[in-house]
Structures are given as structure tokens and as C-alpha cells.
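To keep things clear, I will list the structure first and then write my remarks on it.
The values are calculated or read from the model by the stated rules, or taken from the named source; none is laboratory data. Only a predicted model underlies this, so the values are computations on that prediction, with no experimental measurement involved. Every residue, glycine among them, receives a Cβ derived from its backbone with ideal geometry; neighbour counts consider all protein chains shown. Accessible surface is based on the protein model in full, side chains and every heavy atom, while ligands, DNA and RNA are left aside. Shrake-Rupley method; radii C 1.70, N 1.55, O 1.52, S 1.80 Å.
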Amino acid sequence: MMETCFIVSSQIDETSDAEKRVLSSLIDSALNGNGAIAMSEFCAWEAANCPRLFNGLHCWIVSRITECSSVSVPKQGIHQDDYLLNTSLLWLLSTTLSSVFTNQQTASQSYPEEKLSVYQLPVWSLLYDSNHQGLSMNRFEHHLFHYKGPTLMLISMSPNILLGVVTEEEWRESTQRWGSMNTSVIKILPKLEILERGSNMIYLNQKTRGLPYGLHVGSNVKNPVIAIDKDMESVKFNQVSGTLVEIEVWGCGTEQERQQQQEQKRWEVQQAEQQRKVKLPGQWDDNPDKALLEIAGINVNHSERGDT
């Protein structure tokens, strides 16, 4: 049933191995180690974890009744296996996350009847990919800062664990924890599980001395759910250490928010270039600092001071 929902929603003919792992994670989460569960248990699990699980299938059924186009999947919304965010994970997250991250209308909203037959996967922009841009805190901050839309961070670590962190606040360094009520930590592989959701769960510091360095996510200050060191060499998940394999961050906001970030980065580059072009003082004899020292009675001409 879940694979049918995915195939109908994404309009693909077959699933890759990576996509099958995501679907298995979803099924294992629903069954929770059991061979079968009661309908009431499944409905409770769906409401808590994937409240929009059947949206795509619902649109497909309506389209067959009304003879309208059922699913719209933009090409830029399809991510191949060279990224952590493949098509099945994109679909899975669209069933789990708040509409703040997916820009999808909820069932309670009123919209034209023909919209009932149209389902569209969200379109997200890749902000940071450690495989191509380097696994370092400086590169991470460079590519994330000044993006004002909501974001999804995917963290791949050994052994075969995939985690997700979503927040609608702009990323920043701070000695205080930050994040809105929609901030969430999700274990995606090997079994889907929403670990924590709430405000003030993100902490990022690599400059302020006397405070912990690195990236921490979780409400427990002493034992965060995720802790990544400032060199991005190791990661702890629920206090168990592992190797940090890969990080991706996707912008879940509008195209305008992405363009504003790029404009800000171009402005910073221009400012840096202008600073490099500022002429340094010329000869020491023409330096205003020398004149000030001489006014104060200090002889700055060492050859005239009789120094040996």
C-alpha cells in the first residue's frame, strides 16, 4: 500500500535500491516490529508520523473520477541516487513535515475543485553538499548563512544511519539555543522515527571560547540528540559516537529567498575585493603615525638616536 502511494505520487515506473530502503524504513516504522497491526493502530501511527501519507493517492483517485491530470512532478523536484535526497525520501518527507516546509495546501484549506486532483512534490534548492563542497564547518556556514527560508539538513553517519533536521529559522552562530516550534529531529534510516520536536533545539558555535564548540541539536543541553564536533570529523547520535559520512542541506523556501541569499553573497564578495584594493600607507616618512609620534617627543629615526 505504501509503495503504491509513493509510485502514484511520484509517477515513477520502478524504485531504486536507495528508494526501497526509504520505503522499508516507513513500513518498519508503521509495523513497529510486528507482522501486522490493527487499523486503529495504523491510523494512530499515520496521524503522528505521516499525516499526509495518502494525499497523492487521493488526488490520483479524484483525477480518475473527474478525468483530470492527477500528479504534477517538476523535474527539479526529482533527485537521483547521487544525493541523499532521492525521490522516495522527498515524497516521504512531504507526507511528514509541516506545510511550512512543503508549500502544500492542507485539506482544511478551500481551493478550486480541480485542485483536488493535482498533487505536486515540493521543490527544494540544494544549499550545501559536503561531497562536492567539502565537509567543514566553514563551508557549511558559508553556504547556509543568509538563507532566510526553512531548511532541511540530512546527516549520514555510520553505521547506515540517516538523520534529518528541519527548521524554519535562518541559520546562525549563537551562544544561545534557537529554533521555532516547527524545529524537528527525525531518524529516517533504518526506521522512520520523529525523535524530537520543539523550540530552542539548535546550537551552533565555533568561535566563542569557554562554551562547547560544534553543532548540537536537541532540547537536552548536556545530552543533545545530535552533536557534531567543530571540525566535522565525528558525530554523536543519542550519545553513541559514529563517523560523519555526509551532510546535505536543502532550502525549502521560495525561489526569491534563494536569490536574496545569492545576492547577499555576491555583495560580500564585492566588499572583500574592495577591501583588498585599499592602498596601504606608502613610505614611513609620509605615514601620519610617524608625525604623531614625533609630536609626542618620540624620536622614530633610529639612526639618529645613537642606538648600537
Given (1) modelled with pLDDT of 95 or more; (2) closer than 24 Å to TRP91 by Cα, ASN182 misses just (1)
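Of all residues in segment 108-132 being of a type in the set (S, T, N, Q), open to solvent by less than 60 Å² (accessible area, probe 1.4 Å) and not in a strand (DSSP E or B), which is modelled with the lowest pLDDT? Show your work before the answer.
Initially, segment 108-132 is screened for residues of a type in the set (S, T, N, Q), giving 108-110, 117, 120, 125, 130-131.
Imposing the further condition that a residue be open to solvent by less than 60 Å² (accessible area, probe 1.4 Å) reduces the set to 117, 125, 130.
Adding the requirement that they be not in a strand (DSSP E or B) leaves 117, 130.
Details: SER117: 49, SER130: 96.
Here the answer is SER117.
The rows are residues; the columns are (1) open to solvent by less than 40 Å² (accessible area, probe 1.4 Å); (2) in a loop (DSSP other than H, G, I, E, B); (3) at pLDDT 90 or above; (4) closer than 19 Å to LEU154 by Cα.
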{"position": "PHE6", "(1), (2), (3), (4)": "yes, no, no, no"}
{"position": "ASP13", "(1), (2), (3), (4)": "no, yes, no, no"}
{"position": "ILE27", "(1), (2), (3), (4)": "no, no, yes, no"}
{"position": "GLY33", "(1), (2), (3), (4)": "no, yes, no, no"}
{"position": "TRP45", "(1), (2), (3), (4)": "yes, no, yes, no"}
{"position": "ILE61", "(1), (2), (3), (4)": "no, no, no, no"}
{"position": "ILE65", "(1), (2), (3), (4)": "no, no, no, no"}
{"position": "ASP82", "(1), (2), (3), (4)": "no, yes, no, yes"}
{"position": "LEU90", "(1), (2), (3), (4)": "yes, no, yes, yes"}
Given (1) modelled with pLDDT of 80 or more; (2) open to solvent by 60 Å² or more (accessible area, probe 1.4 Å), LYS75 misses just (1)
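Does LYS222 satisfy the condition of being at pLDDT below 95 and open to solvent by 70 Å² or more (accessible area, probe 1.4 Å)? Spell out how you get there, then give the answer.
On the way: at pLDDT below 95: yes; open to solvent by 70 Å² or more (accessible area, probe 1.4 Å): yes.
Considered against the rule, which asks whether it is at pLDDT below 95 and open to solvent by 70 Å² or more (accessible area, probe 1.4 Å), LYS222 comes out as yes.
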Those residues of segment 162-179 that are more than 17 Å from HIS216 (Cβ to Cβ), buried (at least 18 other Cβ atoms within 10 Å of the Cβ) and over 10 Å from the mean Cα position of the chain (by Cα) come to a total of 1
Query raised in the report: Could you say whether any residue in segment 180-198 is open to solvent by less than 60 Å² (accessible area, probe 1.4 Å) and touching a Phe, Trp or Tyr at 6+ places or on another chain (Cβ under 7 Å)?
Result: no
Within segment 236-267, the residues that are among the hydrophobic types (A, V, I, L, M, F, W, C) and within 20 Å of TRP178 (Cβ to Cβ) are ILE247, VAL249, TRP250, CYS252
Filtering segment 218-258 for residues that are in a loop (DSSP other than H, G, I, E, B), among the basic types (Lys, Arg) and within 25 Å of ASN138 (Cβ to Cβ) leaves a count of 1
